[in-house]
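Read through the structure below, which is laid out as structure tokens, and then see the notes.
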Amino acid sequence: DLPACQIRDGLLCSRACDDLIGCAAILCLFDQLHRRKIRRKVSGLFTVAEEAGLHGAKYVCKHKSLSKDTIIISIETSSALPTAPIGKGVVIRVGDRSRIFSPAVSQWMVSTAANIQKQDKTFQYQRKLMDAGTCEASIFTLFGYTAGALCIPLGNYHNRDFQKGVIASEFISVNDYLNMTKLFLALVMKGCTEVQLYQQKTPT
């Protein structure tokens with residue numbers, strides 16, 4: 001009974017943003033790469049059954065669908081927190097409720113975001129521990145992959161308006177979404193050599 005996707009007052013409101021927004025951002029990246037005729041080795045992985053127990057990610061790991069030298073970036077929306085509010089930029093998620101992600105990947109994304117901000121004053125990002133839940137980066141990390149995560153703060157998580165106590169549309173900031181796509185493209189252009197260099201310098 002909720003209205004279809006609407007954009008008003010800088011917010012994108014929809015029956016479901018979690019995690020159609022992540023899917024849309026991945027497709028947007030491929031669209032930009034195609035339009036700009038940029039050739040890079042990058043893949044988009046669309047998993048299933050995340051809410052039921054992260055089963056799609058587990059399946060990929062157990063069946064070794066990705067080589068272990070793949071750099072994983074888990075993408076999602078995550079319930080907005082007082083420390084990670086809506087409208088303050090894409091969140092470089094250093095960890096979730098279960099574990100901390102690869103410091104090398106987090107540092108690579110932070111340094112890339114900082115460089116974007118120097119050139120584009122409209123670009124915003126946050127570096128936060130989003131510990132309201134567990135995301136697929138935890139599964140990939142558990143299976144020995146080098147993994148990090150990006151997310152967008154989400155309002156009315158799982159269609160719950162906690163203030164009014166009613167079912168309502170989920171919503172995100174349009175600018176947060178645009179900032180995520182900018183960061184995606186910059187990460188692809190920069191490449192992940194920095195991740196390997198950071199890992200070599202960091203004792204394990």
* Hey, what's region 101-204 come to in accessible area per residue, 1.4 Å probe, Å²? -> 49
* **Distance violations [Cα-Cα > 23 Å] among K37/K68; K88/K118; K62/K128; K41/K128; K88/K182** => K37/K68; K62/K128; K41/K128
* To do: Out of all DSSP beta bridges with both ends in the chain, state the antiparallel percent to the nearest 5.
  => 50
* Structure fact -> Nearest 10, in degrees from 0 to 90: the angle of helix 103-119 to the longest Cα principal axis of the chain is 70
* Structure fact -> With Cα springs under 10 Å, the Gaussian network model of the chain assigns the largest mean-square fluctuation among G133, G22, G87 to G133
* **Whole-number percent relative contact order across the chain, with pairs defined as alpha carbons under 8 Å at least 6 apart** => 31
* Using the Karplus curve 6.51 cos²θ - 1.76 cosθ + 1.60 with θ = phi - 60°, work out ³J(HN,Hα) for each residue of region 77-92 in order, rounded to whole Hz, and write x for Gly and Pro. => 9, 9, 3, 4, 10, x, 8, 9, x, 5, x, 9, x, 4, 9, 7
* To do: Tally up the carbon and sulfur contribution to the accessible surface of the chain as a whole percent, 1.4 Å probe, everything protein left in place.
  => 54
* To do: Obtain the nm distance between the two label points defined at V174 and K68 by a simple spin-label model: each point lies 7 Å from its Cα along the Cα-to-C-beta direction.
  => 4.6
* To do: Mind listing the long-range amide H neighbours of Q126? Cut-off is under 5 Å, sequence gap 5 or more, other chains count too, H placed in the peptide plane at 1.01 Å from N.
  => V90, V91, I92
* **Whole-Hz couplings from phi, Karplus 6.51/-1.76/1.60, listed for region 179-189; x for Gly and Pro** => 5, 4, 5, 5, 5, 3, 4, 5, 5, 5, 5
* **For region 1-60 versus region 140-163, the gap between their alpha-carbon centres in whole angstrom** => 12
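The values are calculated or read from the model by the stated rules, or taken from the named source; none is laboratory data. The structure displayed is predicted, hence computed values, not measured ones. When we count neighbours, we look across all protein chains shown, and the Cβ atoms used for this are built from the backbone with ideal geometry, even at glycine. Please note that ligands, DNA and RNA were not included when accessible areas were found on the heavy atoms of the full protein model with its side chains. Shrake-Rupley method; radii C 1.70, N 1.55, O 1.52, S 1.80 Å.
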